[in-house]
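Every number in this text was worked out from the coordinates using simple rules, so none of it is lab data. This is a predicted model, so every value here is computed, not measured. Reconstructed Cβ throughout: ideal geometry from the backbone, glycine too, with neighbour counts over all protein chains shown.
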Amino acid sequence: EVLSEHTTRRKVSHEIELEEEDLKEICDEFKRIIARDGKEFPQDPYRQLEMAVEAVFLSWDNPRAKTYRRLNDIPEDLGTAVNVQMMVFGNRGERSGSGVGFTRNPATGEKHLYGEYLPQAQGEEVVAGTRTPLPVSQMKQQFPEIHAQLLDISERLEKLRRDMQDFEFTLEDGHLYMLQTRDGKRTGPAAVQIALDMLEEGLITPLEAILRVEADQLDQLLHPVFKDDDAVEIARGLPASPGAAVGKVVFSADDAEHWAGRGEKVILARPETTPDDIHGMEAAVAILTSRGGMTSHAAVVARGMGKCSVVGCESLRIDPKNKTIEWDGNRLNEGDVLSLDGTTGRVMLGAVEMVDTGGNRELLDRFMTLVGQVEAMGVRANADRPDQASIARDFGAIGIGLCRTEHMFFEEDRLPLMQQMILSDSLEKREEALAKLKKFQRKDFEGILEAMDGLPVTIRLLDPPLHEFLPPHENQVEKIQRLRQKGADQAEIRRQEEILKRIESLHEANPMLGHRGCRLGITYPEITRMQTQAIIEAACQLKKAGKNPVPEIMVPLVSMKGELANQAEVVRKTADEILAKQGVDLDYLVGTMIELPRACLVADELAEISEFFSFGTNDLTQTTFGFSRDDAVKFLGAYEKEKILAKDPFQTLDQSGVGQLVAMAVERGRQARGDIKVGICGEHGGDPASIEFCHGQKLDYVSCSPFRVPGARLASAHCSIREQSQSAGGDVPFRDR
Ligand code: PEP
Ligand code: MG
């Protein structure tokens, strides 16, 4: 504020244009501001140095450093260091300046010196984004010999450090000083491009190339892009971090957090961002700034987060005080919708339609071919439809780890049949409805088994409580009232009243722990029979057509051997009858989900019947903690804030609790059946830290949603490589990032 008051008064745009008198006044005002807190600005240079050192150490505990550590998994007890060194000055006249450089483009990975500099400025001004810097390439004209020197140093640094470098430099009176260098942060596509290029250049080994990309970074190669249309472009800024995003504009980090907390997608718009904004940047889907360059805080942080960002959009006046964005006589208010294209820098009005195909498929495929050369735990996919199965197979899934059959019953043409089955008051009527449903199921299974031809497909029998297929109680009451008011047909009213009665009779105080999973199959064995018939008949059909279906039938929510024995018998009897009748030779497996603590305790008993185990860690987490998986969001935030939990246990497996149960079940299961196949199909199957745990337990596979398959394969390869390097006696043949 003080600086801008002075620059406005002098009618200049930057402080370097101010006079000596102004600078003296500014210094005095700064001192007065400091004195307001009752502290005199120290005049002893040693005291100043001491305070600066203390400030660095104290900065370890400020909120933004804490947020940064949390986001980047940096341990709290790592600590920090202080370097004290002589300064050089970038603001010493016309042949001075400061800059930040990258040895390769950190957004795309292209191999060229990339960076920005500000003439007559200190480094602080470059990174703060208060003035928009010039591209380093422009130094070629102004300071050709310095530019050549930078190119040479850049190459030497890469050879020495064997990775892309992010360095800072200062030019003092025509003399170049390198201030620091470190491995540069980069986008996902850049990480993959650089790894593949450096491998080709012979700078790194194939295993190093694989370790250079984090599993989460692959997501960015699969980002949605905007459909090419006639969207209204209001401005164009710098394409700081790729991807496409649509959201409502907010103007402060707190608002971003707040709005996102109630489920809104927001774009955080700021003149420039500072580390204090980090929580808002995390909450937003994208970040827009009017000032700053590709190395500004907003650009660097967004790139690290893999979040779409457009910076330095100078034609926009972003006013956080009045919560407006103005340009060419137009105005946008808080809550208005914008679309940002972080790949081109375009800012567009309204919600532009997106398509879900990343433009980097070719790059991803090249990298995944390399990853595929590492012997590692396999990755299956959770998929309920043939198209999802095909996507997963394309991404290298080695089978389906979980096909949730209930999703198939929600489709428009099936729901009435499902309801008819639930409302049937006799076995006969129920079987009639089930016979109609079977036709649909058989087609579904045929599609999935065909898409995964030759690979195993784990199909789970019906799991959710039946009331989920009926309308909510209040809707049904309203429906009946409406029918009565309309004077509708009495028979129809009675039919709807029957449905209401059934809804009431199916009501449960705690449906998650109620009549679901194998408990349904035990009370209605005809459901298990119908599903088994549909699976085996579909497989027979495919076999006859020369295909190779590999079905694995899975019983959900088992906690007792008797439950599994009951259901396995129904499945095997039904399946074998069909196979004998059709004269088809088919290998199929019968197994169980392990998703209740008791199942882990008696895993040896279950393994006597079960040919495979699949850990349903969603329910296992829910029942081990006693946290409802649907309601825990309400308090898990507080648990993380109070450090009661380090991570949301529904995202990252709780290794010390739930993990112990998993380990026990694996051990007991394998004791009883040496060749039992063991996998995991809860959400944790796509989470790198949980994958590491599964690798440690020597699971046969992890299973996750199709788009997480590449990341999970990479995480699994990382585990393998690290383990190999450790068993090579700690003599790591590559650098572990
Ligand atoms: C699980 O519980 O982990 C699981 C995969 O099943 P669902 O999420 O369908 O309950
Ligand atoms: Mg479950």
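Laid out as a table, the results:
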{"read-out": "Computed E for Arg95/Ser13 - FRET, C-beta separation, R0 25 angstrom, nearest 0.05", "value": "0.70"}
{"read-out": "Prolate/oblate/rounded label for the stretch 1-55 (Cα gyration tensor, a/c 1.5)", "value": "prolate"}
{"read-out": "Stokes-Einstein translational diffusion, the stretch 440-568 - Kirkwood Rh over all Cα pairs, 1.002 mPa s, 20 °C, in µm²/s", "value": "124"}
{"read-out": "Relative contact order (%) - the stretch 32-156, alpha-carbon pairs under 8 angstrom, separation at least six", "value": "15"}
{"read-out": "Full-stretch length increase - Leu513, Met86 - with 0.36 nm per residue and alpha-carbon distance subtracted", "value": "147.1 nm"}
{"read-out": "Cut-off 20 Å, label 7 Å out along Cα→Cβ of Ala435, residues of the stretch 520-548 by amide N", "value": "524-538"}
{"read-out": "Sequence ranges 517-529, 376-388, ranked by mean other-Cβ count within 10 angstrom, highest first", "value": "376-388, 517-529"}
{"read-out": "Size of electric dipole in the stretch 603-702: Cβ of Lys, Arg +1 and of Asp, Glu -1, about Cα centre, debye, nearest 20", "value": "200"}
{"read-out": "Set of lysines with alpha-carbon distance to Lys641 below 24 Å, sequence-local pairs under 8 removed", "value": "Lys66, Lys265, Lys307"}
{"read-out": "Cα extents of the stretch 382-446 along the three principal axes, largest first (Å)", "value": "46, 19, 16"}
{"read-out": "Overall dimensions of the stretch 208-267 by Cα: Rg and Dmax, Å", "value": "15.6, 44"}
{"read-out": "Ratio Rg/Rh [Cα only; Rh per Kirkwood] for the chain", "value": "1.04"}
{"read-out": "Taking the chain and dividing mean pair separation by its residue count, relative contact order in percent (alpha carbons under 8 Å, at least six apart)", "value": "10"}
{"read-out": "Whether the stretch 581-667 is rounded, prolate or oblate, judged on the alpha carbon gyration tensor where a/c under 1.5 counts as rounded", "value": "prolate"}
{"read-out": "Contour excess over end-to-end distance, with Cα ends at Ser656 and Asp37 and 0.36 nm allotted per residue", "value": "218.2 nm"}
{"read-out": "At R0 = 60 Å, FRET efficiency that the Cβ-Cβ distance of Glu492 and Lys227 yields, to 0.05", "value": "0.85"}
{"read-out": "Spin-label pair Val56/Ile26, simplified geometry with 7 Å Cα→Cβ offset, distance in nm", "value": "2.5"}
{"read-out": "Global geometry of the stretch 224-325, whether rounded, prolate or oblate, following the gyration tensor of its Cα atoms and the 1.5 cut on a/c", "value": "rounded"}
{"read-out": "Potential lengthening between Val584 and Leu415 on full extension [0.36 nm per residue; Cα-Cα distance subtracted]", "value": "57.6 nm"}
{"read-out": "Distant alpha-carbon pairs in the stretch 607-737 (separation over 27 angstrom), percent", "value": "27"}
{"read-out": "Estimated FRET transfer efficiency when R0 is 22 angstrom, pair Lys321-Thr274 (beta carbons, to 0.05)", "value": "0.85"}
{"read-out": "Cα convex hull volume per residue for the stretch 435-494 (Å³)", "value": "135"}
{"read-out": "Alpha carbon convex hull of the stretch 496-630, volume per residue in cubic angstrom", "value": "141"}
{"read-out": "Rg ratio (alpha-carbon, reference 2.2 N^0.38 Å) - the stretch 15-141", "value": "1.35"}
{"read-out": "Out-of-range pairs (alpha-carbon distance over 28 Å; input Lys321/Lys643; Lys436/Lys543; Lys429/Lys479; Lys439/Lys544)", "value": "Lys321/Lys643"}
